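All remarks here apply to the structure that follows.
Derivation of every value follows stated rules applied to the coordinates shown; laboratory data play no part. Since the model is a prediction, treat every value here as computed from it, not as a measurement. In this analysis, Cβ positions are derived from the backbone assuming ideal geometry, glycine residues included, and neighbour counts consider all displayed protein chains.
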């Protein structure tokens, strides 16, 4: 019975994913290329099922998810509702303190999902903290009209690529989707 109840939202998600096609530029083939989308400031933001691997990715501590839905993240956890609007704000840096440009936010859970986006939001605080203007636009803000992932607990990671090498940063954030 429990598997049948869980299968319904997952099946509905895959129907939405199959219906919405998008050919975005991904970091590699491990990042799916279709999913439910929102248009934010002219940029399409896509939530997709993710089955890639971070094995071999280099670890980084140069990232943060500062706010979810405009509220500061406290105690490393946040609760959101599936199907409801959600916004994520933060910053990401390369290992040599530059703006990475494109990023993926990955939600690791029983099933995993990814949101691909770009940095480019002004973050004077980050540039000041690391004493480099190269991080002035290292921020991101992702607004989704609806978070279309199944209820459950997820650990968040931020992934970017530097000269063909994946870097993963775990901002110590858990998301509980109700």
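Quick one: count up the residues across the range 115-125 that are farther than 19 Å from residue 157 by Cβ and in contact (Cβ under 8 Å) with a residue 12 or more places away in the chain.
5
Scanning the range 130-141 for residues that are under 16 Å from residue 65 (Cβ atoms) and surrounded by fewer than 21 Cβ atoms within 10 Å (Cβ to Cβ) yields a count of 1.
Assigned to a strand (DSSP E or B) and out of contact with any strand residue (DSSP E or B) (no Cβ under 8 Å at 6 or more places or on another chain) - does that describe any residue in the range 114-123? There is no residue in the range 114-123 that is assigned to a strand (DSSP E or B) and out of contact with any strand residue (DSSP E or B) (no Cβ under 8 Å at 6 or more places or on another chain). Restricting attention to the range 151-164, does a residue exist that is part of a loop (DSSP other than H, G, I, E, B), crowded, with 17+ Cβ neighbours inside 10 Å and touching a helix residue (DSSP H, G or I) at 6+ places or on another chain (Cβ under 9 Å)? Taking every residue of the range 151-164 in turn, none turns out to be part of a loop (DSSP other than H, G, I, E, B), crowded, with 17+ Cβ neighbours inside 10 Å and touching a helix residue (DSSP H, G or I) at 6+ places or on another chain (Cβ under 9 Å).
Pairing each residue of the range 53-70 that is free of Cβ contacts under 8 Å to residues at least 12 places away in the same chain with any residue that is surrounded by fewer than 20 Cβ atoms within 10 Å (Cβ to Cβ) and part of a strand (DSSP E or B), provided the two are 6+ apart or on different chains, yields no C-beta distance under 6 Å.
For the range 65-86, the count of residues that are more than 20 Å from residue 175 (Cα to Cα), touching a strand residue (DSSP E or B) at 6+ places or on another chain (Cβ under 9 Å) and surrounded by 13 or more Cβ atoms within 10 Å (Cβ to Cβ) is zero.
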